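Structure, as structure tokens:
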Amino acid sequence: MKIIKAEEIGVPAVEKLLQKAAFDQVELNPKIRAKNMTLYGEDLSAAQIVDKIVAEVRQNGDAAVLKYTRLLDGADFAAEDFLVTEEEYAEAAATADPAVVASLKKAVANVRSYHMEQKPKSWMTYREHGSILGQSVIPLDRVGLYVPGGTASYPSSVIMNAVPAAVAGVGEIIMMAPPSRDGKLNPYVLIAAREAGVGKIYKIGGAQAIAAMAFGTQTIPRVDKITGPGNIFVTLAKKAVYGHCDIDMLAGPSEILIVADKSADPVYVAADMLSQAEHDMLASSIVITDSEALAEKVAEELEGQLAKLPRQEIARAALERNGLIIVTKDILAAMELANASAPEHLEILTEQPFQLLPYVRHAGAVFLGAYSPEPLGDYFAGPNHVLPTGGTARYYSVLNVETFMKRTSIISYTQPALQAVQDDIIRLAEAEGLQAHANAIRLRGIK
């Protein structure tokens, strides 16, 4: 693992490295492009493939979804097979490890308890002359959750997307997840969905799942909002359908940035870097420290832990591509670089981590202290793990209850209240050249 000294190459250069590491998966790698030649008969970029899939699903509905489910997932379905049946739920319950199910239920309870604290309230206030102003907070009618598959299955993502939607009071929650070649879903994904409040689950993945939820098909209802992370195809599909429905965010590869001082345990630091590196080859794992000795120990420790990982090849590729260990002149300089990166997960492993919390301006979630590692947030603590990536923590928030709600303004004026302000409204409307606006006040004949 390469160690970079910020003072030697300059802060602007380090900031560029951090921003590059944060989101770097625009184009497909050569192996995938070669596969595309086989599937589509032409060399297409990820964006071109997604546009093609979205357009076909919008036009042809279930037929297009079936086509791409066979082509990309290898599952030979009929449209009536999309929906998970009660028999499949029963099979999942029968085959699941009771201890894992118990842990899932505890996680659901923790996440629900945390998100209950977020629930906003409608309100009204009385003003002069009997006027009333307020705001109504209304849950969405129907939302669609996407849960990724591929190299791993993620019941934790089910919980993190479904629980806040249920707490918000969404009318109907549906879910999409890519099936295995035998047409099945991971049993823990099904169990987590039931526990978290999902109404219907469809065995569909990729861009075709996003398009089906955005436009609706003969068997799949159209949703108001789509949430949940996925690969580059899913992310680009969410971007393509935005405006036809809402989305939560455009999620990139997983990220962790650790700010550490000499008190940090290099074993912990390396383990936490690898906890994100094992996600996929595009994941980003970064350490920023004011201790050169710690930097060297972490680099050494990474090699030892890597050798024992089942997903060693993926983690090593991620570290080679987007892994960094940066040494700064002091810990506040490290915090400035952390804010420049605006990471998905920010760990502060210092002697007094809470003293640095006021310096955090941009991060999806902050983990303070040696015993608050990132996987605690991924699975169990309660806060949501669907977080902004690729530097978007500068302006995006973590997925939360309000993600699944909308706000409507309430205005009610009495005659005396309108009379008191009519001249100002008429004056402003006429200043903008909008005579009909002025007339809507004037013609009420208030004297």
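Here are a few things to note about the model shown:
- In order along the stretch 5-19, the phi-based Karplus estimate (6.51 cos²θ - 1.76 cosθ + 1.60, θ = phi - 60°) of 3J(HN,Hα) comes to 9, 4, 5, 7, 9, x, 4, x, 5, 5, 4, 5, 4, 5, 5 Hz; Gly and Pro are listed as x.
- The GNM of the chain, with springs linking C-alpha atoms under 10 angstrom apart, assigns the highest mean-square fluctuation among I174, I132, I247 to I132.
- Cα centroid of the stretch 347-383 to Cα centroid of the stretch 170-201, whole Å: 30
- Charged side chains reduced to their Cβ positions (Lys and Arg at +1, Asp and Glu at -1) give the chain a dipole of some 1380 debye around its Cα centre.
- Dipole moment magnitude, nearest 20 debye, the stretch 266-374 about Cα centre, only Lys, Arg, Asp, Glu C-beta charged: 160
- GNM top mover of E351, E430, E91 - the chain, alpha-carbon springs below 10 Å: E430
- Full-stretch length increase - A99, E117 - with 0.36 nm per residue and alpha-carbon distance subtracted: 3.7 nm
- Paramagnetic label reach from S263 (point 7 Å along Cα→Cβ; backbone nitrogen cut-off under 14 Å): within the stretch 335-349, residues 348-349.
- Label-point separation, K308 to S136 (7 Å along Cα→Cβ), nm: 5.8
- The chain - share of DSSP beta bridges that are antiparallel (%, nearest 5): 25
- Subset of K2/K106; K121/K200; K105/K203 violating a 30 Å alpha-carbon distance limit: K2/K106
- GNM result for the chain, Cα springs below 10 Å: residue of G149, G243, G183 fluctuating most strongly: G243
- Computed from the C-beta positions of T219 and R394 and an R0 of 30 Å, the FRET efficiency is 0.15 to the nearest 0.05.
- Applying the Karplus relation 6.51 cos²θ - 1.76 cosθ + 1.60 with θ = phi - 60° to the stretch 423-438 yields 3J(HN,Hα) values of 5, 5, 5, 4, 4, 5, 5, 5, 5, 8, x, 10, 5, 5, 4, 4 Hz, where x marks Gly and Pro.
- For V287, nonlocal amide neighbours, meaning residues 5 or more places apart or on other chains whose placed amide H falls under 5 Å from its own, are I258, L324, I325, I326.
- Net charge, V137 excluded, C-beta distance under 11 Å - Lys, Arg +1, Asp, Glu -1: +3
- Its Cα gyration tensor gives the chain an equivalent ellipsoid, and the semi-axes of that ellipsoid, as √(5λ) in whole Å with the largest first, are 40, 33, 23.
- Once both labels are positioned 7 Å from their Cα atoms along Cα-to-Cβ, the gap between R361 and A90 label points is 5.9 nm.
- Exposed-loop-free span, longest in the chain, where chymotrypsin sites (Phe, Trp or Tyr not before Pro) count as exposed if DSSP calls them loop and at most 12 other C-beta atoms lie within 10 Å: 1-370
- Listing M335, M281 from fewest to most neighbouring C-beta atoms within 10 Å gives M281, M335.
- Label-to-label distance, nm, for residues given as L71 and E128 (7 Å Cα→Cβ offset): 6.5
- Counted charge near V108, where neighbours are those whose Cβ lies closer than 11 Å (Asp, Glu -1; Lys, Arg +1): +3
- In sequence order, the stretch 245-257 has phi-based couplings of 8, 8, 9, 7, 5, 9, 8, x, x, 5, 9, 9, 10 Hz under the Karplus curve 6.51 cos²θ - 1.76 cosθ + 1.60, θ = phi - 60°, and Gly or Pro positions carry x.
Each reported figure results from applying straightforward, stated rules to the coordinates on display, with no laboratory input. Computed from a predicted model, the values in this text were never measured in an experiment. Note: ideal-geometry Cβ built from the backbone for every residue, glycine included; neighbour counts use all protein chains shown.
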